[in-house]
Amino acid sequence: MKNVTVGEFIVNTQDNIPGSSGELSKILSAIKLASKIVSHEINKAGLAANIIGAVGSENIQGEEQQKLDLYANEKFINALSARGVICGVASEENESYIAFNNEINNKAKYVVLIDPLDGSSNIDVNVSIGTIFSIFKRKSQGEKPVEISDFLQSGDQQVAAGYIIYGSSTMLVYTTGNGVNGFTFDPGIGVFFLSHPNMKTPKSGEIYSVNEGNLNHFHNGVKKYINYCQSENKEQNKKPYSSRYIGSLVADFHRNLIKGGVYMYPSTKKAPNGKLRLLYECAPLAFIIEQAGGKAISESGRIMDIIPKKLHERTSFFIGSSNMVDTIEQLMNSED
Ligand code: P6P
C-alpha cells in the first residue's frame, strides 16, 4: 500500500470495527489533528523559551507540570470535544474525568483516556516523549452525562488504543483490535503516511529496559531476571543483553516493539503499586503489544485483565517480547 495516509487507512479499515458507524474514525482523526499541533509545538520548544520548562504547579500525580504538558492536554481535549463523538475524557493531567455534558456529546458512544505528554520531564533535554490514548465504549445507557464507571473498564474492553512518539520523526501507532499499524508524519505536507504496516514484535529480544537504580527494592524474581539478562551462557549460546532505558516510556516501548525487548517498571519501596498508570499508560500499550504478538503483565497477572478501581490507579508493569515476559513471570511465580 504505497503512500496511504492515516486518514485513508482509517476510512478503508473502519468496516473492520464491529458496530462502528464512523464515530471511532472521527475520534482517531481528532487525535491525529491534535498530535500534529503538539508535534509542531514540541519541535520548536527549544526556540520558544516561553513554552519549555515547568509552570510551577503539580498534576494529580504530584508530578511537576511542564508547560507543554498543559498545552498538549488542552489541545487533545479540545480536539476530542469538538467532534461530538465522545461523551467524556479522563486525562493524567486532570484529577477527575471531564464530561462533555451537552445534547450532542451525551448521545456519543465512546470515552477516551489519555496521557497527553508522557515523559515530559525530558522535554528540556530534547529526549523523545509521547502521547498515549485508550478508547472504550461507554457502559452507561441513555442520553445522559458520562459516569465514572464508563472509564473504569478492564483493558480487554478497549475498542482502540495507540500512542504518538515525538522523536527523530513523529509517529502515530494504533490498533483497533485488527493488528497494529504505524504512520510517520511528513511535516512538509502535514500528513501521516503508513510506514509500518501490520507491526509484529519479535518473540524474543536482547534489550531490557529498567531503572536499575531501584534494583534493591525489586521483587526477587525481577532481580533474578535482571541477573539473567546480564549473564553469559556458552552452552545455551546466551550473551549478555543490552540495557537501554531512556526514562521515557513511549520511546523505550517503541524501540522494543520494533527490535524486540522488554520494559520493566516493577513495584518499588517508593512506588509499592508501581509508578505507571493502568488506564492511560499500561492498558493501551498492553493492547498494542498483544496485537503485535507480545505480552504485558503486572506482578499479579495479565494487564488487560485488571479491573481498575480508581481513575489514576498505578500498577507494576512488564511489557514486550512474549518469551521474555514469560521468563519474568516464571521467575516471579517461583519466588512467591
Ligand atoms: P523513573 C516518565 O515520568 C515515566 O512515566 C515513563 O515515561 C518512564 O519510563 C518512567 O516514568 C521513568 O521513571 O522512576 O525511572 O525516572
Query raised in the report: Which one of these does LYS270 not meet: (1) part of a loop (DSSP other than H, G, I, E, B); (2) within 12 Å of the ligand (Cβ to nearest atom); (3) under 16 Å from the mean Cα position of the chain (by Cα)?
Result: (3)
Report task. For ILE104, work out the one condition from (1) more than 19 Å from the chain's Cα centre (by Cα); (2) within 16 Å of the ligand (Cβ to nearest atom) it doesn't fulfil. Result -> (2)
Query - Identity of the residue in segment 217-241, part of a loop (DSSP other than H, G, I, E, B) and touching a strand residue (DSSP E or B) at 6+ places or on another chain (Cβ under 9 Å), that ends up surrounded by the most Cβ atoms within 10 Å (Cβ to Cβ) - result: PHE218
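Would you please name the residue that is farthest from the ligand (Cβ to nearest atom), looking only at residues in segment 245-260 that are of a type in the set (A, V, I, L, M, F, W, C) and part of a helix (DSSP H, G or I)? Let's see the steps before the verdict.
Initially, segment 245-260 is screened for residues of a type in the set (A, V, I, L, M, F, W, C), giving 246, 249-251, 253, 257-258.
Imposing the further condition that a residue be part of a helix (DSSP H, G or I) reduces the set to 249-251, 253, 257-258.
On the way: LEU249: 3, VAL250: 7, ALA251: 8, PHE253: 8, LEU257: 14, ILE258: 17 Å.
Taking the candidates together, the pick is ILE258.
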Report summary line: Out of (1) on the phi > 0 side of the Ramachandran plot; (2) surrounded by fewer than 20 Cβ atoms within 10 Å (Cβ to Cβ), the one SER96 does not meet is (1)
Query - Tally of residues being closer than 22 Å to PRO197 by Cβ and either among the hydroxyl-bearing types (Ser, Thr, Tyr) or under 20 Å from the mean Cα position of the chain (by Cα) (or both) across segment 5-46 - result: 15
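Scan segment 152-178 residue by residue and report those that are outside any strand (DSSP E or B) and closer than 29 Å to ILE42 by Cα.
Here is the first cut: in segment 152-178, the residues outside any strand (DSSP E or B) are 152-159, 167-169, 176-178.
Answer for segment 152-178, where residues must be outside any strand (DSSP E or B) and closer than 29 Å to ILE42 by Cα: GLN158, VAL159, GLY167, SER168, SER169, THR176.
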Requested in this report: Read through the list (1) more than 19 Å from the chain's Cα centre (by Cα); (2) within 16 Å of the ligand (Cβ to nearest atom); (3) surrounded by fewer than 21 Cβ atoms within 10 Å (Cβ to Cβ), then give the number of the only condition that ASN211 fails.
Outcome: (1)
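With the structure loaded, tell me whether ASN122 is among the polar types (S, T, N, Q), modelled with pLDDT of 90 or more and not in a strand (DSSP E or B) or whether it fails that test. If you could, list the steps in order and put the result at the bottom.
Details: among the polar types (S, T, N, Q): yes; modelled with pLDDT of 90 or more: no; not in a strand (DSSP E or B): yes.
So ASN122 fails the test.
The values are calculated or read from the model by the stated rules, or taken from the named source; none is laboratory data. Every value quoted in this text rests on a predicted model; they were computed, and no experiment measured them. Quick reminder, even Gly has a Cβ in these numbers, built from the backbone with ideal geometry, and neighbours come from all protein chains shown.
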